[in-house]
Amino acid sequence: MNILMISSECVPYVKVGGLADVVGTLPKYLKKQGHDVRIIIPKYRSIDGVKYNLETLPYRLKVRVGKEQESFRIKTCLLDDNIPVYFIENMRYFNRLGIYGDDSGIGYGDNRERYIFFSKASIEAVKAIMFRPDIIHCHDWHTGIIPAYLKTTHSNDGFFWKTSSVYTIHNIAYQGSFDAETTLPLAGFSWEDYKSDKLEFYNTFNFMKAGLAYADIISTVSPTYAKEIQTVSAGNGMEVVIKTRKEDVYGILNGIDYSYWNPRTDKNLKANYSLNNIENKSVCKKDLQEKCGFASDDNVFVVGCVSRFDNQKGFDFIMDVIRKTQHLNIQFIVLGSGDRAIRDGMLYLKSIYPKKISVLNDYNESLAHQIYAGSDAFLMPSRFEPCGLSQIISLAYGTVPIVNKTGGLADTIRDFSKSADGNGFVFDFYAGESLVDKVNVAYNTFNNKNLWSKVVANAFASNYSWDNSVLEYENMYNTALNRRIAYTIYK
Ligand code: ADP
Ligand code: GLC
């Protein structure tokens, strides 16, 4: 199959969250299955053309955004395993310091134009490079209008006659909702398609709704989240749309790249380790404690957190737990960036309890690895979590996750206090359980070395590799292909 991924993020070039990990990793596994996979992302300013050896292709292309003609170029390089990546370069939209917004945490005012441009440019780019996709796989709101273009403005475009589209929701909280009156002409859709079963969504133009209405297949990143988003409490208003298409909705768990997230070989760590030489995990713990200015003591329960500062991630629970566990022999280490109010709340707690909490307001890949390795437990009490990669990464480092029972967290973490094969600690906020109680249970378990070594061994033994999920993706792509073929025959 020819598979084209179109996304706003992809590791190692640009990453804000787990979307980048997925788009930069899944293609390698699809390639191993024998598919020709390619990726298109924007050429943000932060992507270093020299470091990645970007080559400029000899096309000068244009697309229309509203009344304006926007020109762009295509740059390219190879991701590992010879996967071609194409970068859409346009100075006006992508030559800026931030990805989605500036330092203040506020999104750019023209994000709507930016991703309309990117979507249209991606369609033109794939034609220019003559890569005829069987599957166009679009991710999150930024690319939601692409399946809609394929079925409207491009429905008679012979280049795409055998192309099916798949739309994946990584986070339903970000939908790209704008006023219809100005957005529809900007994007170049016809008012005839502005209907409730197509582009219209509660009197707005909503990028995600466009993807959900027009893609041949819809997916999200865990089986539990696939069910949750069909309910009022987690659907963010989109539940009815998704329920209408429930036969076409897949929930496929993300994996992680175990060659990258590997404590045996990780170059960011003071010492490498595995279950067999777990003593070296203590070397990483000591190093981390020193870096944070803490007393280095192996008997202290070190709880780490690496996260976007975002309401999704349950920082209200985290702040509560920090206040209520000060009597324990515990240290919290939090690395995060994003929302200013959360940052300020966390820094305030640090100022009150400087010996017990370290807050690093940064986006720092190397430090993230050191926290995954040097902590005993990993805190991830998200209010909702489509999949979550951080808890899976923690497992790979033998660091025990403490999570809320929601979305992908519920699919990957089993509560050790309820079952001997548990690989973490799970509280069910929506059933009235408390994170503070769960952290206490984890703390008591940590102080029983025998029990703790069991849960750590269970964490190491957990395997959420892409090897399994890639087969589900293949199966889903095949369904999308058959659907398109049937559609073409019976049209
Ligand atoms: P989300 O995509 O919602 O942010 P995930 O758990 O799926 O959550 O993925 C988060 C990814 O981003 C992980 O790879 C995590 O290590 C990384 N990450 C998050 N915040 C930071 C940070 N401040 N510094 C470095 N890496 C981070
Ligand atoms: C989103 C979700 C996260 C998921 C990631 C990759 O950012 O918040 O749960 O793991 O996308 O799919």
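Observations, loosely collected:
- Oblate is the label for the range 249-363, because the ratio a/c of its alpha-carbon gyration tensor axes (a ≥ b ≥ c) is 1.5 or higher and a/b is not greater than b/c.
- Reachable aspartates and glutamates, given that their alpha-carbon falls under 12 Å from the alpha-carbon of Lys75 and they are not under 8 places away in the same chain: Asp48, Glu55, Glu89
- Calculated over the chain, the projected area of the Cα convex hull averaged across directions stands at 22.4 nm².
- Cα centroid separation, the range 1-69 to the range 161-180 (Å): 17 Å
- Element breakdown for the chain at a 1.4 angstrom probe: carbon and sulfur atoms account for 50% of the accessible area.
- Here Lys454 is the anchor, and the aspartates and glutamates within straight C-alpha reach of less than 19 Å, apart from those fewer than 8 places off in the same chain, are Glu279, Asp298, Asp376, Asp415, Asp421.
- Normalising by residue count, the range 373-491 has a Cα convex hull of 124 Å³ per residue.
- Computed helical MRE - 222 nm, the chain, DSSP H runs ≥ 4 contributing -39500 (n - 2.57), nearest 500: -11000 deg cm²/dmol
- Extension gain for the segment Asp298 to Val16, taken as residue separation times 0.36 nm less the Cα-Cα distance, is 98.3 nm to one decimal.
- Span from the the range 327-349 Cα centroid across to the the range 203-219 one, whole angstrom: 36 Å
- Cross-link pairs Lys198/Lys405; Lys120/Lys151; Lys286/Lys355 - those with Cα-Cα distance over 23 Å: Lys198/Lys405
- About its Cα centre, the dipole of the range 204-248 is roughly 80 debye, where the only charges are +1 on Lys and Arg Cβ and -1 on Asp and Glu Cβ.
- The residues of the range 275-463 expose on average 38 square angstrom of accessible surface per residue, using a 1.4 Å probe on protein heavy atoms.
- Point-to-point label distance, Ala431-Lys454, nm (Cα→Cβ direction, 7 Å offset): 2.0 nm
- Segment Asn475-Asn444, extension gain: residue separation times 0.36 nm, minus the distance between their alpha carbons: 6.7 nm
- Inter-label distance, Tyr59 to Asp157: 1.0 nm, where each label sits 7 Å from its Cα along the C-beta direction.
- Volume in Å³ per residue [convex hull over Cα atoms, computed for the range 275-463]: 106 Å³
- HN-Hα J in Hz across the range 383-395 - Karplus 6.51, -1.76, 1.60, θ = phi - 60°, x for Gly and Pro: 6, 9, 8, x, 9, x, 9, 4, 5, 6, 4, 4, 4
- Mean projected area of the convex hull spanned by the Cα atoms of the range 442-483, taken over all viewing directions: 4.0 nm².
The values are calculated or read from the model by the stated rules, or taken from the named source; none is laboratory data. All values derive from a computational prediction rather than experimental measurement. Here the Cβ is made from the backbone with ideal geometry for all residues, glycine too, and neighbour counts use every protein chain on show. The accessibility values were calculated without ligands, DNA or RNA, using every heavy atom of the protein model including side chains. Shrake-Rupley method; radii C 1.70, N 1.55, O 1.52, S 1.80 Å.
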